[in-house]
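For reference, the structure is listed below as structure tokens.
The values are calculated or read from the model by the stated rules, or taken from the named source; none is laboratory data. Since the model is a prediction, treat every value here as computed from it, not as a measurement. Using ideal geometry, Cβ is built from the backbone for each residue, glycine included, and neighbour counts are taken over all protein chains shown.
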Amino acid sequence: MSILSAQNLGLSFGAFDLFRSISVTIANDSKIGLIGPNGIGKTSLMMILAGMNQPTTGMIHIARGKKLGYLRQEASEAFAQTTSTESLVKGKNTVYGEMLSVFRNLHKQQDQLHRLEAEMAGGRYIEEVLVQYGELQASFEHAGGYDYDLRIQQTLQGLGLGKNTWDMPVEHLSGGQKTRLLLARLLLEKPALLMLDEPTNHLDVEAIDWLEHTLKDWDGAVLVASHDRYFLDNTVSSIWEMSHAGIGVFTGNYSNYLLQRDTRWEYAERVFKEEKERLQKEVDFVQRNWVRASTHPRALGTLRKLTRELAAVEAYGIMVLRSGKNWHELDIRADKPLEVVEAIRKVNALEMPGRPLMIKPRLVPTADSSNIILRSEKTTIGYPKNKLFQVQHLELRRGECAALIGPNGSGKTTFLKTMLGQLEPLSGEVSIGVSLNVGYFAQAHDELDPENSVLDELLRHHDIDPERARSHLAQYLFRGEDVFKPVSALSGGERGRLALAILSLSGANFLLLDEPTNHLDLPAREVLQQVLQDYPGTILLVSHDRYLVDQLASQIWEIHGGKLTVFTGNYRQFVLQRAGNSSQPARMILPSKPMARDNSRDTRRKQQALDRLEVKIREQEESVRRISRELQHAGGSKGFEVINDLSWKYAKAQAELDKLTREWEKMVEKA
């Protein structure tokens, strides 16, 4: 059964269509990740589904009695229109009082129980009172009346709102704290469909980890829009990819989506070539026979068919020609045939769908560095009146990637500035290797001059020919008049692209990256990740992007409790070690042997094969679960033949799952 279904949704602003023809369904237990490039309309779609805005076209149906909960990106916007947060808007409640207001009905039941208890304590043990008390107590317990205080405390602490905030008036909270408070309230309200727009923006790693575990066990549906790929990997079981062509649905988490998407792109490209070739043959036939159209009805019929097909392609993309849909289903109006010349022009103008236009940067060191890139001994990092953390011993070798992680304010950026020589350590020694050409990518891109144009800013950093500069910028999607835009007018993602364009010409063999994925959408993050995976130099990475850290890092440097400790391994191994769940206990020790990033083609091919196998295993696990549910529902209500057939299917599915699992174990052993 579905909680929500939408048909033919569209949103237009005058003649501009932000999106159109979107039809989706959300089942009771769906866990969906909504992704797509910035500006595609994800937030607008979620607000329409949540009932906060109206679509230009289409309709939405919500199952009777089902409640929706929606978290907007920014607290200032979230509190402006949400009726369920009335007291938050007024700002007259405390943090804890706001959470208590979720359980008003339980408070009333609790008061009734106390009243009945007082009556019974006074000797009024009549049957009517006892029955009423028993029924009320059962209802109170079923609704969580005996543990709602514990739920409130766990939720607030899990989202980083500790006891020191509980008595604070809501109006005194920061914007990020208000967003976390609204999220806490939504989780306590337990809507049937929880809709979250970039929920990790205002959370630290610990709070994100807590939210991931909460959503995994969420008894209801979840729709979450996020750029956090690691979060999507850990919380959702399907992906909605939003593009100008509509919404594509993929089974599995984000990593599964990547594998399926590549296959779909290849299929779409093949279909495009075949369909365009067919359309060109048909338009050639019409052109050859058009002078005899009055006596050649087939030419006129072909032109009418071409007219409808080209109208459908214009509205829905070329894949619609393989969808098997009838023309009346698509609402295509093309009564008047195109002119032959116009049909030829439209067919020739068809462009390849599928893979979006992406930047294609390359980072190539101009020279090798020394073997020891960075070394620190008994060092204290910070400022004269503000000691941040201590480092006992640290060493980074050529070809390695170290990820520096820790809470905001712990000193990560200060450490990078110390490495660059911009700050002196408070004590101890920090030394860097010889023959180093350091490239620095700052999270705020604060080295860009806002008064310069894009082209002038590149030329300020690199003395190259302007034509070569424009050609280089084109690789980063700055084309035509875009190169003359002032830096001050660029979006966060555009500033990131410009910073990468400048960095790629530096020839750096040691990269210091401070939050390189900030303001980048998912396509741009994927490109950056691929660039860094192919980079043969050394990387010191500061990032909240756990997916990027997991893909790149050969060691994790964690700042915690005023100390920096080193973990040898990737991020997932680090998380397992910290949780104490690793089957092969990892060690919090200094690396005696450098773990360089293995970017060889053979290694990546093996990893891709392992990823594909894991997708098959997840799909097979879902098949086993589905057949198991069918068997449970069939018991006692279906005939022997049906149950016998399902039992046979279950046995075959389980045997296939066992086979895939054994194959996976063999591949892991060889890795």
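Brief remarks on what is shown
- Enumeration of residues in the stretch 113-154 that are at positive phi and touching a residue at least 12 places away in the same chain (Cβ under 8 Å): Gly144
- Taking the criterion of being buried (at least 18 other Cβ atoms within 10 Å of the Cβ) and either under 29 Å from Gly537 (Cα atoms) or modelled with pLDDT under 85 (or both), the residues of the stretch 472-486 that qualify are His472, Leu473, Tyr476, Phe478.
- Test: residue in the stretch 28-51 that is surrounded by fewer than 21 Cβ atoms within 10 Å (Cβ to Cβ), farther than 20 Å from Leu194 by Cβ, without any contact (Cβ under 8 Å) to a residue 60 or more places away in the chain and among the polar types (S, T, N, Q): no
- Selection status of Ile464, modelled with pLDDT of 90 or more and in the same structural domain as Arg546 (by TED's automatic domain parsing): yes
- The single condition among (1) within 26 Å of Gly409 (Cα to Cα); (2) under 25 Å from the mean Cα position of the chain (by Cα); (3) in contact (Cβ under 8 Å) with a residue 60 or more places away in the chain that Ala192 does not satisfy is (1).
- For the residues Val531, Val566, Val575, the requirement of being out of contact with any strand residue (DSSP E or B) (no Cβ under 9 Å at 6 or more places or on another chain), more than 25 Å from Gly496 (Cα to Cα) and not in a loop (DSSP other than H, G, I, E, B) singles out Val575.
- Restricting the stretch 640-671 to residues that are modelled with pLDDT under 75 and among the aliphatic types (A, V, I, L, M), the residue that is surrounded by the most Cβ atoms within 10 Å (Cβ to Cβ): Leu646
- Restricting attention to the stretch 439-456, the residues that are closer than 27 Å to Ser543 by Cα, in contact with a strand residue (DSSP E or B) (Cβ under 9 Å, 6 or more places away or on another chain) and either in a helix (DSSP H, G or I) or not polar (S, T, N, Q) (or both) add up to 8.
- Among the residues making up the stretch 534-551, those that are part of a helix (DSSP H, G or I) and of a type in the set (A, V, I, L, M) are Leu548, Val549.
- Filtered residues of the stretch 140-152 (kept if in a helix (DSSP H, G or I) and loosely packed, with under 15 Cβ neighbours inside 10 Å): Glu141, His142, Asp149, Leu150
- Inclusion of Glu314 among residues that are surrounded by fewer than 18 Cβ atoms within 10 Å (Cβ to Cβ) and in contact with a helix residue (DSSP H, G or I) (Cβ under 9 Å, 6 or more places away or on another chain) is warranted.
Rundown of residues vs (1) of a type outside the set (Gly, Ala, Ser); (2) within 17 Å of Asp545 (Cβ to Cβ); (3) outside the structural domain of Gly10 (by TED's automatic domain parsing), yes/no style:
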residue	(1), (2), (3)
Leu161	yes, no, no
Ala192	no, no, no
Asn201	yes, yes, no
Val205	yes, yes, no
Leu211	yes, yes, no
Gly220	no, no, no
Glu241	yes, no, no
Thr263	yes, no, yes
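- Scanning the stretch 446-461 for residues that are surrounded by 14 or more Cβ atoms within 10 Å (Cβ to Cβ) and in contact with a His (Cβ under 9 Å, 6 or more places away or on another chain) yields a single hit, Leu458.
- Residue match in the stretch 57-65 (condition: in the same structural domain as Leu187 (by TED's automatic domain parsing), closer than 17 Å to Ala221 by Cα, under 23 Å from the mean Cα position of the chain (by Cα) and not hydroxyl-bearing (Ser, Thr, Tyr)): no
- His244 being surrounded by fewer than 21 Cβ atoms within 10 Å (Cβ to Cβ) and free of Cβ contacts under 8 Å to residues at least 24 places away in the same chain: no
- Those residues of the stretch 166-176 which are surrounded by 19 or more Cβ atoms within 10 Å (Cβ to Cβ) and assigned to a helix (DSSP H, G or I), in sequence order: Val170
- Among the residues of the stretch 427-461, those identified as within 20 Å of Thr413 (Cβ to Cβ) and modelled with pLDDT under 85 are Tyr440, Phe441, Ala442, Gln443, Ala444, His445, Asp446, Glu447.
Listed here are the residues, each with its yes/no results for (1) outside the structural domain of Asp284 (by TED's automatic domain parsing); (2) surrounded by 13 or more Cβ atoms within 10 Å (Cβ to Cβ); (3) not in a loop (DSSP other than H, G, I, E, B).
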site	(1), (2), (3)
Arg362	yes, no, no
Pro365	yes, yes, no
Glu377	yes, yes, yes
Thr380	yes, yes, yes
Lys387	yes, yes, yes
Ala402	yes, yes, yes
Thr418	yes, yes, yes
Gln422	yes, no, no
Val430	yes, yes, yes
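- Glu274 falls short on exactly one of the conditions (1) surrounded by 15 or more Cβ atoms within 10 Å (Cβ to Cβ); (2) not assigned by TED's automatic domain parsing to the domain that holds Pro37, and that condition is (1).
- Taken over the stretch 406-429, the criterion of being touching a Phe, Trp or Tyr at 6+ places or on another chain (Cβ under 7 Å) and under 14 Å from Leu388 (Cα atoms) is satisfied by Ser410, Gly411.
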